[in-house]
1. Can you give the calculated 222 nm mean residue ellipticity of the chain, where each DSSP H run of n ≥ 4 adds -39,500 (n - 2.57) and the sum is split over every residue, rounded to the nearest 500 deg cm²/dmol?
2. By residue number, which cysteines of the chain lack any other Cys whose Cβ falls under 4.7 Å from their Cβ?
3. Got the relative contact order for the stretch 1-48 handy, in percent, Cα pairs under 8 Å and 6 or more residues apart?
4. Taking the Cα centre of the stretch 21-144 as origin and charging only Cβ (+1 Lys, Arg; -1 Asp, Glu), how large is the dipole, in debye to the nearest 20?
5. Using amide H atoms built 1.01 Å from N in the peptide plane, name the residues 5+ places from residue 50, or on other chains, whose amide H lies under 5 Å from its own.
6. Within a Cβ distance under 10 Å of residue 46, other residues only, what is the Lys/Arg minus Asp/Glu net charge?
7. So, by mean Cβ neighbours within 10 angstrom, what's the order for 109-118, 17-26, 2-11 with the highest one leading?
8. List the relative contact order of the stretch 1-128 as a percent without decimals, with contacts defined as Cα pairs under 8 Å and 6+ residues apart.
Amino acid sequence: MTLSITEHLGGCHCGNLRLTLGLTRPAAEIPLRACGCSFCRGHATRTTSDPLGSVEIRAEDWSLVERYRFGTGTADFLICRRCGIYIGALCETKSGTRAVINTNCLESRAAFIRSPAPTDHDGESTSDRIARRAANWTPAIVHL
């Protein structure tokens, strides 16, 4: 059986960071998360991922992209240095690069209508965290 992929375009406000998110379910059915960490609360994120989907991330100028790390230092949070928009996070796993995307940066953000489920990953071991991301985050290609 072939999965149908729906593409969602997005990026930062100034256009330096761009992404194409391919999802295997309609936006209205995609679960959203609201991480409880201070970074995500401060950015009012509504994140999602699809382990059967895909995401491609590009930058016009990678020198204007901050790869911010905090906490366990196991993910790069991508923030445009010019306009300040956070588009998502990347993690290297044994399964390859995986990403979670902030749906607020998508052109079709209004189509993601589910209420974000609160999440809290405090107390999770580093190995469990990376394993969870490998299993649940979206396979990613980053065009450097």
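1. For the chain, the value works out to -3500 deg cm²/dmol.
2. 37, 91, 105
3. Contact order relative to length: 28 percent.
4. Here the size comes out at about 100 debye.
5. 138
6. Result for the neighbourhood of residue 46: +3.
7. 17-26, 2-11, 109-118
8. Dividing the mean separation by the residue count of the stretch 1-128 yields 30 percent.
Values in this text are rule-based calculations from the coordinates and carry no lab data. This is a predicted model, so every value here is computed, not measured. Positions of Cβ are backbone-derived with ideal geometry, glycine not excepted, and every protein chain shown enters the neighbour counts.
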